[in-house]
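Colleague: My structure is below; once you've seen it, I'll send some questions.
The values are calculated or read from the model by the stated rules, or taken from the named source; none is laboratory data. Being a predicted model, the structure only gives us computed values, none of them experimental. Glycine gets a Cβ as well: all are built from the backbone with ideal geometry, and neighbour counts include every protein chain shown. For the accessible areas, the whole protein counts, side chains as well, though only heavy atoms, and no ligand, DNA or RNA atoms are used. Shrake-Rupley method; radii C 1.70, N 1.55, O 1.52, S 1.80 Å.
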Amino acid sequence: MNMQVGVLALQGAFAAHSDCLTSIGVQSVEVRTPGQLNSVDALLMPGGESSTMSQLLESSGLFDPISTRIADGMPVFGTCAGMILLASEILDGRSDQRSFSAIDISVRRNAFGRQVDSFESAIKSSVGDFQGIFIRAPRIERVGDEVEVLGSINNEPVLVRQGNVLAASFHPELSNDARLHEYFVSITAIRKKV
Amino acid sequence: MANMVSTNGSSSTGTNRVKRGLAEMLKGGVIMDVVNSDQAKIAEDAGACAVMALERVPADIRRDGGVARMSDPDMIMAIQASVHIPVMAKARIGHFVEAQILQSLGVDFIDESEVLTPADEAHHIDKFAFTIPFVCGATNLGEALRRISEGAALIRSKGEAGTGNMVEAVRHLRSILGDIRKITQADSAELFEWAKRLQAPLSLVQEIAETGKLQVPLFAAGGIATPADAALAMQLGAETVFVGSGIFKSADPAPRAKAIVEATTHFRDAAVLARVSRGLGVAMTGIGMDEINETQRFAQRGW
């Protein structure tokens, strides 16, 4: 199947996500413009600074087209800052920070602390067990009824899904482990068949 | 050697992946030098992905002379309180106590910087002894690999800070990236000679031969003053840019900061670069390299 997965490349760890997709034989496209968005079947939103990405989404004219594509059912996977961009509610964000409200969760920015508190931890999930890397990570403080918790640490959700929207507070792209990318690609493959 | 990885149950802090991970998050963003919380807010509003808190921007350090040291903790804490984005701060080369202080303040990244007056003329800081990551400057690949072998999680070109002149940063990026390209073409016997010539650990040279890239992200710094400068560094192969004096020494910092952020994202799109370069007012005046005495160059500090 000729599937193209976009990686939002405005700012952040987009290169590591592209490498992960390449490692499982999936063609990836860096997305910085609405034209590039048109060519993709799914979109990955990487970690980075959510306030920076939020501003660049506006100045690059990508916010509304992405919003429309998500409403049409395009699969999206947000990690860390990418998860913040997808959340229905952002706590401790900038007052002008917009999000796509694509998944019914409340997320607190930098809730695990500064870099000195950033950590690695084992995650149990229904997709498999992972070594999660958490960098100045956001915390999922509320999960809506429609949201499925796929993975957690200390009984706290860190990997969630609602329909075609997948979100993680950690960084699967940093641990040389592409199983979550494979899982995301499988969501995209099912949608493409329909 | 103490390695500051600390493990609590199934959770560990200060690992290489966690340190290099923050450097990955900064890619494609702009890290801006700021001297107070007002400037930090302007930087965040403009879309900076991090700020570097320091008492004087490099252009003023260069003008004032004397000994340049770590900034006052009060000033760093005021900046931490004013923004959500990561806050970096500078320690002198080899001054591991300044670095200990910065770590205890909860700074997110330490720049062991040649812009400050070196505290040790033979040794850099043992960066494995810290939980938070370090960025170090380099003028060539050997210097970059020596810093990585000491635990640096991020390398930047030194350039010549405080000049508003790109020529040294371009030289350093071309040297680092050019040598990486050559190493990928070398046979296994030649790698021993490369390690000797670079004065760098053989294992790191062999790793580059295999992967074709540096072990940690490579950013550009030193002399970036315009959106075109940022895009030049990116097209040469830098993964993002630090802008020091270039923003707050210009006539109108806020729009220039925003323009450099957009230029760093859309660095291959000349139409965007043209649009964001318009109407920015006067850039910092800048200094030609022949106007700086050899002994006053920051880039030669570090060993």
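Colleague: What residues does the range A:130-144 have that are buried by at least 50 Å² of accessible area in the full protein assembly compared to the chain on its own, 1.4 angstrom probe?
Modeller: A:135, A:136
Colleague: Taking the Cα centre of the range A:48-193 as origin, sum charge times position over the Cβ atoms of Lys and Arg (+1) and Asp and Glu (-1), and report the length of that vector in debye to the nearest 20.
Modeller: 180
Colleague: Another one. Taking the simple approach of a point 7 Å from Cα along Cα-to-Cβ for both residue B:6 and residue A:155, what is their distance in nm?
Modeller: 2.6
Colleague: Where both partners of a DSSP beta bridge lie in the protein assembly as shown, what percent of those bridges are antiparallel, to the nearest 5?
Modeller: 35
Colleague: A further question on this structure: Please give the total accessible area that chains B and A bury against each other, computed with a 1.4 Å probe and expressed in Å² to the nearest 100.
Modeller: Buried area between the two chains comes out at roughly 3100 Å².
Colleague: Considering amide H positions built from the backbone, and no H for Pro or chain starts, which residues 5 or more places from residue A:142, or on another chain, come under 5 Å of its amide H?
Modeller: Long-range HN contacts for residue A:142: A:106.
Colleague: Can you work out the PRE-style zone for residue B:45? Point 7 Å along Cα to Cβ, and I want the residues of the range B:241-281 with backbone N under 15 Å.
Modeller: Flagged as within label range: B:248, B:252-259.
Colleague: Whole-Hz ³J(HN,Hα) for each residue in the range A:104-118, computed from phi via Karplus 6.51 cos²θ - 1.76 cosθ + 1.60 with θ = phi - 60°, x for glycine and proline: what do you get?
Modeller: With coefficients 6.51, -1.76 and 1.60, one gets 7, 9, 9, 10, 9, 5, 6, 5, 8, x, 7, 4, 4, 9, 4 Hz.
Colleague: Tell me which of B:222, B:285, B:243 sits at the most positive position along the dipole axis of the range B:150-303, charges placed on C-beta atoms (Lys, Arg +1; Asp, Glu -1).
Modeller: B:285
Colleague: How much FRET efficiency would the formula 1/(1 + (r/R0)^6) give for residue B:282 and residue A:145, where r is the Cβ-Cβ distance and R0 is 56 Å, rounded to 0.05?
Modeller: 0.50
Colleague: Compute a Gaussian network model of chain B, connecting alpha carbons closer than 10 Å, and tell me which residue from B:259, B:23, B:122 fluctuates the most.
Modeller: Taking springs between Cα atoms under 10 Å, the residue moving most is B:122.
Colleague: Okay, next question. Using a 1.4 Å probe on the protein chains only, how many percent of the accessible area of the range B:1-146 belongs to carbon and sulfur?
Modeller: Using a 1.4 Å probe with all protein chains present, the range B:1-146 comes out at 49 percent carbon and sulfur.
Colleague: Rounded to the nearest 20 Debye, what is the dipole magnitude of the protein assembly as shown about its Cα centre when Lys and Arg each give +1 and Asp and Glu each give -1 at the C-beta?
Modeller: Around 500 debye, computed over the protein assembly as shown.
Colleague: Moving on. Suppose R0 equals 22 Å; then what is the FRET efficiency for residue B:104 and residue B:202 from their Cβ-Cβ distance, rounded to the nearest 0.05?
Modeller: Rounded to the nearest 0.05, the efficiency is 0.05.
Colleague: If the chain between residue B:191 and residue B:122 were fully stretched, how many nm would it gain, using 0.36 nm times the residue separation less the Cα-Cα distance?
Modeller: Extending this stretch completely gives an extra 22.2 nm.
Colleague: Heavy-atom accessible area of residue B:7 with all protein chains present, probe 1.4 Å, nearest 10 Å²?
Modeller: 100
Colleague: Anyone know which of B:289, B:88, B:32 comes out most mobile in the 10 Å Cα GNM of chain B?
Modeller: Result: B:289 has the largest fluctuation of those listed.
Colleague: GNM on chain A, C-alpha springs below 10 Å: top fluctuator among A:40, A:143, A:127?
Modeller: Maximum among the listed residues: A:127.
Colleague: Cut-off under 14 Å on the C-alpha distance; same-chain residues fewer than 8 positions from residue B:41 excluded. Which aspartates and glutamates are left, in chain and number order?
Modeller: Partners found: A:96, B:33.
Colleague: Taking a cut-off of 18 Å between Cα atoms, list the lysines near residue B:27, but don't count ones fewer than 8 places away on the same chain.
Modeller: B:19, B:158, B:213, B:258
Colleague: Determine the residues within the range A:54-90 where the difference in accessible area between the chain on its own and the full set of protein chains amounts to at least 50 Å²; count protein heavy atoms only and use a 1.4 Å probe.
Modeller: Hits at the 50 Å² cut-off: A:55, A:56, A:59.
Colleague: I want the antiparallel fraction of DSSP beta bridges within chain A, as a percent rounded to 5.
Modeller: DSSP beta bridges in chain A are roughly 50 percent antiparallel.
Colleague: State the antiparallel share, in %, of DSSP beta bridges confined to chain B, rounding to the nearest 5.
Modeller: Expressed as a percentage, antiparallel bridges in chain B total about 10.
Colleague: Okay, next question. Could you go through the range B:286-303 in sequence order and give the Karplus-derived ³J(HN,Hα) for each residue, using 6.51 cos²θ - 1.76 cosθ + 1.60 with θ = phi - 60°, rounded to whole Hz, and x for Gly and Pro?
Modeller: Couplings: x, 9, x, 4, 6, 8, 9, 4, 3, 6, 9, 8, 6, 4, 7, 7, x, 9 Hz.
Colleague: Within the range A:112-194, what whole-number % of the accessible surface is contributed by carbon and sulfur, with the 1.4 Å probe and all protein chains included in the calculation?
Modeller: Taking all protein chains in place, the range A:112-194 shows 43 percent carbon and sulfur surface.
Colleague: Kindly state, to the nearest 0.05, the FRET efficiency for residue B:274 paired with residue B:174, given R0 = 30 Å and r defined as their beta-carbon distance.
Modeller: 0.75
Colleague: Apply the Karplus curve 6.51 cos²θ - 1.76 cosθ + 1.60, θ = phi - 60°, to the phi angles in the range A:141-150 and return the couplings in whole Hz, x for Gly and Pro.
Modeller: Karplus values, whole Hz, x for Gly and Pro: 9, 8, 10, x, 4, 7, 9, 9, 8, 9.
Colleague: I would also like to ask the following. Can you tell which of A:113, B:115, B:73 lies farthest toward the positive end of the dipole of the protein assembly as shown, using +1 and -1 charges on the Cβ of basic and acidic side chains (Lys, Arg; Asp, Glu)?
Modeller: Result: B:115.
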